[in-house]
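S.K.: So that we are looking at the same thing, I have put the structure below in structure tokens.
The values are calculated or read from the model by the stated rules, or taken from the named source; none is laboratory data. Since the structure is predicted, the reported quantities are computational estimates derived from the model, not experimental observations. Cβ: placed from backbone, ideal geometry, glycine included. Neighbour counts: every protein chain shown.
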Amino acid sequence: MATGSSTAAQRLAETIASAREMVDAARKDGAMVGLVPTMGFFHEGHLSLMRAARSECDFVAVTIFVNPRQFGEGEDLERYPRDPERDLELAAAAGVDLVFMPGGEEMYPPGFETAVTPGATASGLCGASRPGHFSGVLTVVAKLLNIFTPGRAYFGWKDAQQAAVVARMIDDLNFPVTLRVLPTVREDDGLAMSSRNAYLGPEERRQAAVIYAALEAAREAVLAGESDVATVRQLIADRIGRMPLVEPEYIEIVDARTMQPAARAGEGTLAAVAARVGAARLIDNIHLGREEPK
């Protein structure tokens, strides 16, 4: 596999046709194509996916598209953080071969009306609090998989439900791609890296670290023998409740594969949290019953 790519080699495509042309040319040379779908405003979490793709694939494509179909009414579509020039520089430094940065009408031209409908994996957690969100996610991911036909596609575990929903679609619709879901990348105090962390003021940022601290406390309790779901949920709620600026939207214990409510907390389950901290909606999760993968 290729282990690097020069900054000068990175190319930018703004149309589906040009992206396909570049990928097809690489594939004709026998390249394994790796795809990293993003909404941009890169942080270390995104870059870790790019580096993994670079180490495992011959040709690495990154997409930057703030997908309007996964934002609900009143959500932060218009103010979602963007910095395309910086993103291009960071992608080049990570060895990315192609950045696909389409406009809205390129992805959803006039008359577009098709959508992918998720099933039970998307019914709870963010699927319950953000109606239509995962249909928007799956629709754009399906389009990207069809545009690039990659051998591998890279996602982060911070968005565990998203990864599970995408995995279900890949299996159900027979996409010929291997899904690679990599560990959550965190700040020094444990806060999961997210583009939306940019919304946090200094005190909000300080208090937001309680989310991971609460999840860690829950895992420690489960590893010590606690398995009652209500008890584990209450432990998380009590810890988060110490920080008044952090307002939980949900605290759930779910099966790590199906995202359905778990009967007992332990191996194969996740504690998942969504919380409002000022203008930011933050999500995080942790494996219960075993140490978090590094």
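S.K.: Can you go through PRO202, PRO244, PRO248 and tell me which one is outside the structural domain of SER129 (by TED's automatic domain parsing), modelled with pLDDT of 95 or more and closer than 19 Å to ALA128 by Cα? Walk me through it before giving the result.
M.R.: Values: PRO202 fails: closer than 19 Å to ALA128 by Cα; PRO244 fails: closer than 19 Å to ALA128 by Cα.
Matching residue, one of PRO202, PRO244, PRO248: PRO248.
S.K.: Moving on. Taking only pairs six or more apart or across chains, which ones have beta-carbon atoms under 9 Å, a first residue in region 25-36 that is in a helix (DSSP H, G or I), and a second residue that is not hydrophobic (A, V, I, L, M, F, W, C)?
M.R.: ALA26/ASP58; ALA26/ASP97; ARG27/THR149
S.K.: Has region 160-168 got any residue that is of a type in the set (A, V, I, L, M, F, W, C) and not assigned by TED's automatic domain parsing to the domain that holds VAL116? Spell out how you get there, then give the answer.
M.R.: First pass over region 160-168, keeping only residues of a type in the set (A, V, I, L, M, F, W, C): 160, 163-167.
Next, only the ones that are not assigned by TED's automatic domain parsing to the domain that holds VAL116 stay: none.
Within region 160-168 (the criterion being of a type in the set (A, V, I, L, M, F, W, C) and not assigned by TED's automatic domain parsing to the domain that holds VAL116), the answer is no, since none of the residues qualifies.
S.K.: Of all helices (runs of 4 or more DSSP H) completely enclosed by region 198-294, which ones contain at least 1 residues that are within 21 Å of the chain's Cα centre (by Cα)? Explain how you work it out, then say what you get.
M.R.: Working: elements: 202-208, 210-223, 229-240.
Result: 202-208, 210-223.
S.K.: Additional query: Look through region 237-282, keep the residues that are free of Cβ contacts under 8 Å to residues at least 60 places away in the same chain and among the basic types (Lys, Arg), and return whichever of them is farthest from ARG79 (Cα to Cα).
M.R.: Looking only at region 237-282, we keep the residues that are free of Cβ contacts under 8 Å to residues at least 60 places away in the same chain, and these are 237-248, 251, 253, 255, 262-269, 271, 276.
Right, trim to among the basic types (Lys, Arg) and you get 239, 242, 264, 276.
Working: ARG239: 31, ARG242: 29, ARG264: 40, ARG276: 16 Å.
In this case the residue turns out to be ARG264.
S.K.: Turning to a different aspect of this structure: Report yes if some residue within region 61-70 is out of contact with any helix residue (DSSP H, G or I) (no Cβ under 7 Å at 6 or more places or on another chain), at pLDDT 95 or above and not in a helix (DSSP H, G or I); otherwise report no.
M.R.: Residues of region 61-70 out of contact with any helix residue (DSSP H, G or I) (no Cβ under 7 Å at 6 or more places or on another chain): 66.
Keeping just the survivors that are at pLDDT 95 or above gives 66.
Of the ones still in play, those that are also not in a helix (DSSP H, G or I) are 66.
So far as region 61-70 goes, yes, one or more of its residues are out of contact with any helix residue (DSSP H, G or I) (no Cβ under 7 Å at 6 or more places or on another chain), at pLDDT 95 or above and not in a helix (DSSP H, G or I).
S.K.: Given the conditions (1) surrounded by fewer than 19 Cβ atoms within 10 Å (Cβ to Cβ); (2) touching a residue at least 40 places away in the same chain (Cβ under 8 Å); (3) closer than 16 Å to ALA192 by Cβ, report the number of the one that ASN285 does not fulfil.
M.R.: Unmet for ASN285, out of (1) surrounded by fewer than 19 Cβ atoms within 10 Å (Cβ to Cβ); (2) touching a residue at least 40 places away in the same chain (Cβ under 8 Å); (3) closer than 16 Å to ALA192 by Cβ: (1).
Each row is one residue, and each column tells you yes or no for (1) touching a residue at least 40 places away in the same chain (Cβ under 8 Å); (2) more than 23 Å from PHE42 (Cβ to Cβ).
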residue: LEU88; (1), (2): yes, no
residue: GLY103; (1), (2): yes, no
residue: MET107; (1), (2): yes, no
residue: THR114; (1), (2): no, yes
residue: ALA122; (1), (2): yes, yes
residue: HIS133; (1), (2): yes, no
residue: VAL137; (1), (2): yes, no
residue: VAL141; (1), (2): yes, no
residue: ARG168; (1), (2): yes, yes
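S.K.: Next question. Across region 109-131, what is the number of residues that are surrounded by fewer than 18 Cβ atoms within 10 Å (Cβ to Cβ) and at negative phi?
M.R.: Filtering region 109-131 for residues surrounded by fewer than 18 Cβ atoms within 10 Å (Cβ to Cβ) gives 109-115, 117, 119-120, 123, 128-129, 131.
Filter again for at negative phi, leaving 109-110, 112-115, 117, 119-120, 123, 128-129, 131.
Selection size over region 109-131: 13.
S.K.: With VAL181, VAL177, VAL185, VAL232 as the choices, which residue is within 21 Å of GLU247 (Cα to Cα) and either free of Cβ contacts under 8 Å to residues at least 12 places away in the same chain or touching a helix residue (DSSP H, G or I) at 6+ places or on another chain (Cβ under 7 Å) (or both)?
M.R.: On the way: VAL181 fails: within 21 Å of GLU247 (Cα to Cα); VAL177 fails: within 21 Å of GLU247 (Cα to Cα); VAL185 fails: within 21 Å of GLU247 (Cα to Cα).
Criteria check complete, one pass: VAL232.
S.K.: For the structure I just gave you, tell me whether GLU113 is among the charged types (D, E, K, R) and over 19 Å from the mean Cα position of the chain (by Cα). It would help to see each step written out before you state the result.
M.R.: Working: among the charged types (D, E, K, R): yes; over 19 Å from the mean Cα position of the chain (by Cα): yes.
It is true that GLU113 is among the charged types (D, E, K, R) and over 19 Å from the mean Cα position of the chain (by Cα).
S.K.: Which residue is surrounded by the most Cβ atoms within 10 Å (Cβ to Cβ), if the candidates are limited to region 42-60 and must be among the acidic types (Asp, Glu) and part of a helix (DSSP H, G or I)?
M.R.: GLU56
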